[in-house]
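Everything below concerns the one structure shown next.
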Amino acid sequence: MPRAHLPLITVDNVSKTYGDHPEDYSQLILINVKVTIEEGEFVIIFGPSGSGKSTLLNMMAGLEFPTGGRIFVRGSNLAKLNNGELAKYHRDRMGMVFQQFNLIKSLNVWENVALPQAAAGVPYGKRKKRAHHLLHLLQVDKYANRHPNELSGGQQQRVAIARALINDPSILLVDEPTGNLDTKMADEVMNLIHDLHYRAQHTVVLVTHNPDYLRYATRVIYIRDGQIEKEENSQHDPGSVKPVLPEEYYKQLIRFRGK
Amino acid sequence: MRWIDIIRFSLTILRTNFLRTLLTIAAIGTAIGLIVVLLGFGYGVQDLTIGSIIHSQSLLSLDVTAGKDNHPPLDPKSLTDFKGYAQVKELSPVVAGEGQISYNGKLISNLAEAGTSNLLTMEGTVIEKGRNFDDNSPEIVLSPQSLSILDVTASDILDKTLDVSFINPANQEKISFPKQFKVVGITSDANPVMYLPHSMLPASVAMTSVKVLAKDRNGVAELQQLLLNQGYGVESLLDTLDSAQKVFNWATFGLIAIAAIALIVAAIGMFNTLTITLMERTREIGIMKSVGVTDMAVLKLFLTEAGIIGLSGGVFGILLGLGVSLIINQVINQVAIRYGGSSLMIFSFPPLFLLSMVGYPTLLSLITGFYPAIRAARLNPLLALRYE
């Protein structure tokens, strides 16, 4: 008998309530949600604010835990991980990009990028080199020694993306990446994320309420009032998006993953 | 996360909040500085006092006085008796009273001690110029203070003869000597005091005390007991040293209490700073955790920051304390020299004390930092990320 296929992420009948009373339905954020994410996908979770989409993403990230149901990442139940294993999951298995960029102000750009490496115990010289290389590939290496607040929003988001990529995660979890950016920068960041999936072979789960970007996804999950409305596969031709970085850089980004 | 990186991040964060870090270090440093000055002064005075007690007389000597109502009395027989004790190494009769000398038409009074020639060494008195008196000659040893009252120098007066009289302490009668006395030596005494041979006094003059030197430390206690049992009054230097030590112990305790209050104030300040830092950095901690920094690493990071502040406070405090002490000492010495005293170090800093002044604030800051550190480590990353 062939071995059962194991999705990258399985969201198994997950519910989430806030507050002390799990039965209080006014506090219900998610109701019996079932989602699977396969390797190589670009999934957009789309819904209005308050629909529970960010909560779903945070639970996949292991930052929140379901009150009902389970979440598996490559077969292991996130709720069953101890503190150390969870930290390792945050560090090595997933890379997260936030709407607020969430860079540490007291560290400079490359130190921010190298933070997950420092957390993993990678020696100073090695992680500095790797961070600089990645910043170069994302074309923000000239800001390596600046502090985050000296950079534009778009540049900061690129730095945040570099931080998410540095430990070569199996999945990128992206939460409203364009919420704090103007249209031009927003397009650029979205195109870059698109490229990371299409040209650098990253698996991406992205949360947004902006319908303009739905066409980039291989699959869109529509969510409303804590429940999944529908799922739709995209008809989009990914080749039609003009690459943000020089073609050669994507090949290097793929090689970078192997390091 | 590696320790080296924890320290590196701590230093980066402390540098980012440079002014606050500096102020916190200054607060702890000031408290430590105060302790260093206060206790340094305590140790210094203690050293000087005990040093001078030990220096001025021998630890092995006893002063024996007549019993209550002159019973038993001190007489030539008691001297012979004392000499017979196994614990006694040597002794000297002492008649301590007032002496007068006249030289070049000037008459001065000063303290006078008549004894045998070994009295000076037993008392720890050093002869700076000339020699000790001979037991059977009309010779006298003077102190520099007497010379300055007479307004002569040592070389002026050495080997000169002068008229001496002695006031019998028992009845205040003035005893004049038929022969003139020759000045043979100058001591290093701080007080105006003169020494002369006991044999020059008439036999009728009663001894005020007998200075006894024991053979060893045990002998001091044994002799003391023996003589006390016979009814003599006995005072030993060890007693003086003991009571001095007690006074200093209490004084040190008082100084430590003052210093401890200062340190508690500094510790409260540091607790406040660390807690505020925690609140300000809540979001940062959330970010760190979301990229995989462990709870343990966050704990270590906060404790390291607290430790660095405490350690720097200690080092700064010691430098501050030493600096202030030196300045105070300098000022006091200037005044002392102007009034004819000699310059000396009134502060003392035992190395172990200084070491504890680095260790103590470091330990204190680690204890103070523990609560904020635990709170930081336990922060929920998602809530922390939402914190504005």
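Taking only alpha carbon atoms, the protein assembly as shown gives an Rg to Rh ratio of 1.36, where Rh is the Kirkwood radius. Selection among B:233, A:258, B:80 by position relative to the dipole of the protein assembly as shown gives A:258 as farthest towards the positive end (Cβ unit charges, Cα centre). Close amide H pairs (under 5 Å, H built 1.01 Å from N) link residue A:174 with A:97, A:205, A:206, A:207, residues at least 5 positions away or on another chain. Local charge for residue B:104 was computed over the other residues whose Cβ lies under 12 Å away, with Lys and Arg +1 and Asp and Glu -1, and equals -1. The charge dipole of the range B:88-214, taken about the Cα centre with unit charges on the Cβ atoms of Lys, Arg (+1) and Asp, Glu (-1), comes to about 100 debye, rounded to the nearest 20. Rounded, prolate or oblate: which fits the range B:88-214 when a ≥ b ≥ c are the square roots of the eigenvalues of the alpha-carbon gyration tensor, with rounded for a/c under 1.5 and prolate only if a/b beats b/c? Since a/c reaches 1.5 but b/c is at least a/b, the shape of the range B:88-214 is classed as oblate. Taking every pair of alpha-carbon atoms in chain A, give the share separated by more than 24 Å as a whole percent. It works out to 48 percent of all Cα pairs. To the nearest 10 degrees, how steep is helix B:3-16 against the longest Cα principal axis of chain B, on a 0 to 90 scale? The helix B:3-16 is inclined about 90 degrees to chain B. Once backbone amide H atoms are built at 1.01 Å from N, residue A:36 has A:11 as its partners under 5 Å, excluding neighbours fewer than 5 places away on the same chain. The alpha carbon centroids of the range B:225-286 and the range A:141-213 are separated by 59 Å. 3J(HN,Hα) along the range B:20-30: 5, 4, 4, 5, 5, 4, 5, 4, 5, x, 5 Hz, from the Karplus curve 6.51 cos²θ - 1.76 cosθ + 1.60 with θ = phi - 60°, whole Hz, x for Gly and Pro. Within the shell defined by Cβ-Cβ distances under 13 Å, the residues around residue B:11 carry a net charge of -1, with Lys and Arg each +1 and Asp and Glu each -1. Under a model in which nothing but the beta-carbon of Lys, Arg (+1) and Asp, Glu (-1) is charged, the range B:183-304 shows a dipole of about 420 debye around its Cα centre.
Short-range pairs are left out: with C-alpha atoms under 8 Å and at least six residues apart, the relative contact order of the range B:88-214 is 41 percent. Taking Cα centre as origin and charging only the Cβ of basic (Lys, Arg, +1) and acidic (Asp, Glu, -1) residues, the dipole magnitude of the protein assembly as shown rounds to 2580 debye. Which value does Rg/Rh take for the range A:186-231 over its C-alpha atoms, Rh per Kirkwood? Expressed as Rg/Rh, it is 1.00. Can you find, among B:12, B:176, B:244, the residue farthest towards the positive end of the dipole of chain B? Put +1 on the C-beta of Lys and Arg, -1 on that of Asp and Glu. It is B:12, whose Cα lies furthest towards the positive end. Derived scalar couplings between HN and Hα for the range B:91-106 equal 8, 8, x, 10, 10, 9, x, 10, x, 10, 10, 10, 8, 6, x, 9 Hz in order, rounded to whole Hz, by the Karplus curve 6.51 cos²θ - 1.76 cosθ + 1.60 (θ = phi - 60°), x for Gly and Pro. Averaging the sequence gap over all C-alpha pairs within less than 8 Å and six or more residues apart, then dividing by the number of residues, gives chain B a relative contact order of 29 percent. The C-alpha atoms of chain B define a longest principal axis, and helix B:237-280 lies at about 10 degrees to it.
3J(HN,Hα) along the range B:69-84, derived from phi through the Karplus expression 6.51 cos²θ - 1.76 cosθ + 1.60 where θ = phi - 60°, amounts to 6, 6, 9, x, x, 9, 9, x, 5, 4, 4, 5, 4, 4, 4, x Hz, with x in place of Gly and Pro.
Answer with one residue from B:42, B:133, A:69: the one whose Cα lies farthest towards the positive end of the charge dipole of the protein assembly as shown, charges on Cβ with Lys, Arg +1 and Asp, Glu -1. Among B:42, B:133, A:69, the one farthest towards the positive end of the dipole of the protein assembly as shown is A:69. Pairs from the list B:129/B:246; A:53/A:80; B:83/B:179; B:83/B:174; A:80/A:126; A:184/A:242 with a Cα-Cα gap above 26 Å: B:129/B:246; B:83/B:179; B:83/B:174; A:80/A:126.
Seen against the Cα atoms of chain B and their longest principal axis, helix B:351-378 is set at about 20 degrees. With Rh defined as the Kirkwood radius, the inverse of the mean 1/r over Cα pairs, the Rg/Rh of chain B is 1.25.
Only the coordinates and a few stated rules stand behind these numbers; no lab work does. Please read all numbers here as calculations on a predicted model, not as lab measurements. Cβ sites come from the backbone with ideal geometry, for glycine too, and all protein chains shown count toward neighbours.
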